[in-house]
1. Answer yes if at least one residue in the stretch 70-77 is touching a residue at least 60 places away in the same chain (Cβ under 8 Å), part of a loop (DSSP other than H, G, I, E, B), under 17 Å from L13 (Cβ atoms) and in contact with a strand residue (DSSP E or B) (Cβ under 9 Å, 6 or more places away or on another chain), and no otherwise.
2. Determine which single condition V224 fails, assuming it passes every other condition in (1) surrounded by 15 or more Cβ atoms within 10 Å (Cβ to Cβ); (2) at pLDDT below 90.
3. Exactly one of (1) within 30 Å of P78 (Cβ to Cβ); (2) β-branched (V, I, T); (3) in a strand (DSSP E or B) is unmet by V101. Its number?
4. Evaluate the following for E128: is it in contact (Cβ under 8 Å) with a residue 40 or more places away in the chain, crowded, with 22+ Cβ neighbours inside 10 Å and within 30 Å of T211 (Cα to Cα)?
5. Please indicate, with yes or no, whether at least one residue in the stretch 83-95 is touching an Asp or Glu at 6+ places or on another chain (Cβ under 8 Å), at pLDDT 95 or above and not in a loop (DSSP other than H, G, I, E, B).
6. What residue, of F165, F225, is over 16 Å from G136 (Cα atoms), in contact (Cβ under 8 Å) with a residue 24 or more places away in the chain, assigned to a loop (DSSP other than H, G, I, E, B) and not basic (K, R)?
7. Residues that are surrounded by 14 or more Cβ atoms within 10 Å (Cβ to Cβ), outside any strand (DSSP E or B) and of a type in the set (G, A, S): does the stretch 187-196 have at least one?
8. Let me confirm something: among P60, P138, which residue is modelled with pLDDT under 85 and touching a Lys or Arg at 6+ places or on another chain (Cβ under 7 Å)?
Amino acid sequence: VLSKAARATVRILAEGHPASSGLLEVQTSSGSFGSVCGMNAEAASVACRQLGFDFGVLSPSPCGQYGGGSWCGAAGSPVAVKSLKCSGTEISVDECSSEPVDDTCVSHGSDAVVFCGARSVEVFPDGELRLIGSAGAPALPGEAGRLEIFLATSEAWAPVCRLGFTSGSAAVACKQMGFTGASGHSSCSSKQACGGVAPQLAELACAGSETSVLQCPMAVGDDVFCAPEESVLLTCAGPGDPIGKPAVA
């Protein structure tokens, strides 16, 4: 028998910190938060809109397969609902159906991971950065992602080329997104990681002390001759926001 998800409060955690991408948790009638043991794609959209984002994407990968680690709920932690199903038109997840939690959820292997974001590209400022994981959604903390920059001249996101990309550039890019620093960068090695868009920025040569990549030497637009497989992958350290943040009006 389907039941209603208890109370409408939701949150997303990555490494224990509130985030736009990570483990989805729902607050129960007892006041505690618990993970979601399976959900449909429409439920991800409803949960993200409830948190103030424009849209949400349900991760296609199991929660135990991110960045070489696990994003599942901790062993022994609560599970709030099972099989959360929404139509996509709901205002809150408490309008959606779910099933009672059973023993199949105890291991947390079916915990839902979601990615939330803003859809309107025109609200992003020039030079905003984001990290895109191999699943095509924002990279979770600790996961290598394709570094992309929003360029006002083209009003679009584009990858950053690995050519001329320095360790200082990696550090500045990660700090610009709110992370404590960079833990590594490399070339993309698969079609999923590289994407299908050619980089529009290359020779990014930050010293490491800058607060924005726009303060660094670079080549953009017609001066860039890089293929999609030359996109740079970046891994950032600590908590941060891997998705481009809309400009504040």
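The values are calculated or read from the model by the stated rules, or taken from the named source; none is laboratory data. Just so it is clear, the model here is predicted, and its values are computed rather than measured. Because the Cβ atoms are built from the backbone with ideal geometry, glycine has one as well, and the counts that use them run over all protein chains shown.
1. The first filter runs over the stretch 70-77 and keeps only residues touching a residue at least 60 places away in the same chain (Cβ under 8 Å), leaving 71.
Subset that is part of a loop (DSSP other than H, G, I, E, B): 71.
Pick out the ones that are also under 17 Å from L13 (Cβ atoms) and you get 71.
Subsequent filtering for residues that are in contact with a strand residue (DSSP E or B) (Cβ under 9 Å, 6 or more places away or on another chain) retains 71.
Checked the stretch 70-77: at least one residue is touching a residue at least 60 places away in the same chain (Cβ under 8 Å), part of a loop (DSSP other than H, G, I, E, B), under 17 Å from L13 (Cβ atoms) and in contact with a strand residue (DSSP E or B) (Cβ under 9 Å, 6 or more places away or on another chain).
2. (2)
3. (3)
4. Working: in contact (Cβ under 8 Å) with a residue 40 or more places away in the chain: yes; crowded, with 22+ Cβ neighbours inside 10 Å: yes; within 30 Å of T211 (Cα to Cα): yes.
Here the answer is yes, as E128 does meet what is asked.
5. Yes, the conditions are met somewhere in the stretch 83-95.
6. On the way: F225 fails: in contact (Cβ under 8 Å) with a residue 24 or more places away in the chain.
Step by step, each of F165, F225 is checked, and only F165 is over 16 Å from G136 (Cα atoms), in contact (Cβ under 8 Å) with a residue 24 or more places away in the chain, assigned to a loop (DSSP other than H, G, I, E, B) and not basic (K, R).
7. Yes; the residues of the stretch 187-196 include at least one that is surrounded by 14 or more Cβ atoms within 10 Å (Cβ to Cβ), outside any strand (DSSP E or B) and of a type in the set (G, A, S).
8. Working: P60 fails: touching a Lys or Arg at 6+ places or on another chain (Cβ under 7 Å).
Going through P60, P138 in turn, the sole match is P138.
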